[in-house]
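First the structure, in the form of structure tokens, and then the observations on it.
The values are calculated or read from the model by the stated rules, or taken from the named source; none is laboratory data. Note that the structure is predicted; figures quoted are calculated from it, not measured. Because the Cβ atoms are built from the backbone with ideal geometry, glycine has one as well, and the counts that use them run over all protein chains shown. Ligands, DNA and RNA are stripped out before the accessible areas are found, and what is left, the full protein with its side chains, is counted by its heavy atoms. Shrake-Rupley method; radii C 1.70, N 1.55, O 1.52, S 1.80 Å.
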Amino acid sequence: DVALTGIGRIRLTRLQEKIEDVLLKNVTGDLIETGTWRGGTVIFMAGVLKAHGASAARTVYGADVFTGLPPGNETLDPRGQSR
């Protein structure tokens, strides 16, 4: 197992398309991946920006809690949608 991301090729392709759409439409801002795991998707996003000559203009962030998410709270989310 050498993959640094668990999202798979199809989702990576979709992510690339979305990043390219942001660049094409000149949407301002940086990129973030939440739930980073091994950082492969962050590396991929940085690579897409670099391939388009846009890496100097944007920062790519990776964020993770490193311990998993706390259990849901029925009071805060009575529909049971929290995880």
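Test ALA63 against the criterion of being touching a Ser or Thr at 6+ places or on another chain (Cβ under 8 Å), surrounded by 10 or more Cβ atoms within 10 Å (Cβ to Cβ) and at pLDDT 95 or above, and give yes or no.
no
Is it true that ARG79 is over 18 Å from the mean Cα position of the chain (by Cα) and at pLDDT below 90?
Yes; evaluated as a whole, the condition is true for this residue.
Considering the stretch 23-75 alone, what residues qualify as being within 19 Å of ARG9 (Cβ to Cβ), under 11 Å from the mean Cα position of the chain (by Cα) and hydrophobic (A, V, I, L, M, F, W, C)?
TRP37, VAL42, ILE43, PHE44, MET45, ALA46
Among the residues that make up the stretch 5-19, is at least one of them under 21 Å from GLY68 (Cβ atoms), of a type in the set (S, T, N, Q) and not in a loop (DSSP other than H, G, I, E, B)?
The answer is no; no qualifying residue exists.
If I go through the stretch 23-37 residue by residue, how many of them are open to solvent by 40 Å² or more (accessible area, probe 1.4 Å) and either at pLDDT below 95 or not in a strand (DSSP E or B) (or both)?
9
Identify the residue in the stretch 1-22 that is touching a residue at least 24 places away in the same chain (Cβ under 8 Å) and more than 20 Å from SER55 (Cβ to Cβ) and, among all such residues, is surrounded by the most Cβ atoms within 10 Å (Cβ to Cβ).
For the stretch 1-22, the residue satisfying everything is ILE7.
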